[in-house]
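K.L.:
Once you've had a glance at the structure underneath, I'll fire off some questions.
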Amino acid sequence: MKIEESTIVETNDFKVIIYPASRALTAKEVKEITEKLYDFLPTWNAHGKGLTSSFKIDHKQFIIITVDEEKVQASGCSMDSLNGLMREIEEEYQLGIFDRMKACYKENGEVKTMKLTDFRTAVRNGEISEEVEVFDFSKDTYVNYLSDFLLPFKRSWAGFIK
């Protein structure tokens with residue numbers, strides 16, 4: 001079969017930083033955080049060189065930052081400045097975005113968040129169905145984020161809980 005037209009789009013595999021909130025953001029919070037990120041990202045740099053970056057707020061709960069490191073890599077100092085902004089956001093809105101000891105999952109179309117220890121206990125006790133989808137905020141590239149950020153329970157890290 002001859003391919004007449006390609007729908008494949010070549011992209012760089014951007015670095016991804018995921019900041020998972022412990023709760024859904026309100027519309028007002030989304031607007032205000034969006035404004036803060038719009039102000040910050042165009043000035044974000046590594047050793048005086050501008051970083052090509054973007055963001056989105058996914059499921060009203062996850063702040064996703066992408067950076068194209070093909071030309072300029074994010075340095076320790078640039079990550080410190082991003083984390084500084086995110087700490088300000090954390091303090092202002094009390095989102096728990098630096099608490100990695102939580103589990104987020106989607107059940108009946110709703111995102112739910114639990115302490116990781118409580119989630120493990122609930123899974124072991126059969127209180128959480130294996131029909132849920134589980135978020136994995138350890139993804140570090142955009143391609144991995146697109147394909148594996150939200151997975152069926154059995155394909156996720158949660159499927160290994162015994």
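K.L.:
Over the range 43-94, with every protein chain in place, what whole percent of the accessible area is carbon and sulfur at 1.4 Å, could you tell me?
P.N.:
44 percent
K.L.:
Please get the size of the charge dipole for the chain, origin at its Cα centre, with Cβ charges of +1 on Lys and Arg and -1 on Asp and Glu, quoted in debye to the nearest 20.
P.N.:
Details: 22 positive and 28 negative charges, 95 e Å.
The dipole magnitude comes to about 460 debye.
K.L.:
Here is a follow-up. Suppose all protein chains stay in the model; what accessible area per residue would a 1.4 Å probe give for the range 47-113, in Å²?
P.N.:
Working: 3670 Å² over 67 residues.
Ligands and nucleic acids excluded, the figure is 55 Å² per residue.
K.L.:
In a Debye calculation with equal point scatterers on the alpha-carbon sites of the range 1-159 and no solvent, what is log10 I(q)/I(0) at q = 0.10, 0.16 Å⁻¹?
P.N.:
With no solvent term, the Cα-only Debye profile gives -0.43, -0.96.
K.L.:
How large is ³J(HN,Hα) for each residue in the range 132-149, as worked out from phi by the Karplus curve 6.51 cos²θ - 1.76 cosθ + 1.60 (θ = phi - 60°), to whole Hz, x for Gly and Pro?
P.N.:
6, 10, 10, 7, 10, 8, 8, 4, 10, 10, 5, 4, 5, 4, 4, 8, 10, 6
K.L.:
Among Ile89, Thr52, Trp157, which residue has its Cα furthest toward the positive end of the charge dipole of the chain, with +1 on Lys/Arg Cβ and -1 on Asp/Glu Cβ?
P.N.:
Positive-most Cα among the choices belongs to Trp157.
K.L.:
What is the Rg over Rh value, at two decimals, for the range 74-159, using alpha-carbon atoms and the Kirkwood definition of Rh?
P.N.:
1.04
K.L.:
Quick one: compute the contact order of the range 8-120, relative version, from alpha carbon pairs under 8 angstrom and 6+ residues apart, as a percent.
P.N.:
It rounds to 29 percent for the range 8-120.
K.L.:
With θ taken as phi - 60° and the coefficients 6.51, -1.76 and 1.60, list the Karplus ³J(HN,Hα) couplings across the range 77-90 in order, rounded to whole Hz; mark glycine and proline as x.
P.N.:
Karplus-based 3J(HN,Hα) across the range 77-90 equals 5, 5, 5, 4, 5, 5, 5, x, 4, 5, 5, 4, 4, 4 Hz.
K.L.:
Each residue of the range 56-70 in order: what ³J(HN,Hα) in whole Hz does its phi give by Karplus 6.51 cos²θ - 1.76 cosθ + 1.60, θ = phi - 60°, with x for Gly and Pro?
P.N.:
7, 10, 9, 6, 6, 9, 10, 8, 10, 10, 10, 9, 8, 9, 5
The values are calculated or read from the model by the stated rules, or taken from the named source; none is laboratory data. It should be emphasised that the depicted structure is a prediction, and the values quoted were computed from it without experimental measurement. Note: ideal-geometry Cβ built from the backbone for every residue, glycine included; neighbour counts use all protein chains shown. Note: areas computed on protein heavy atoms with side chains; ligands, DNA, RNA excluded. Shrake-Rupley method; radii C 1.70, N 1.55, O 1.52, S 1.80 Å.
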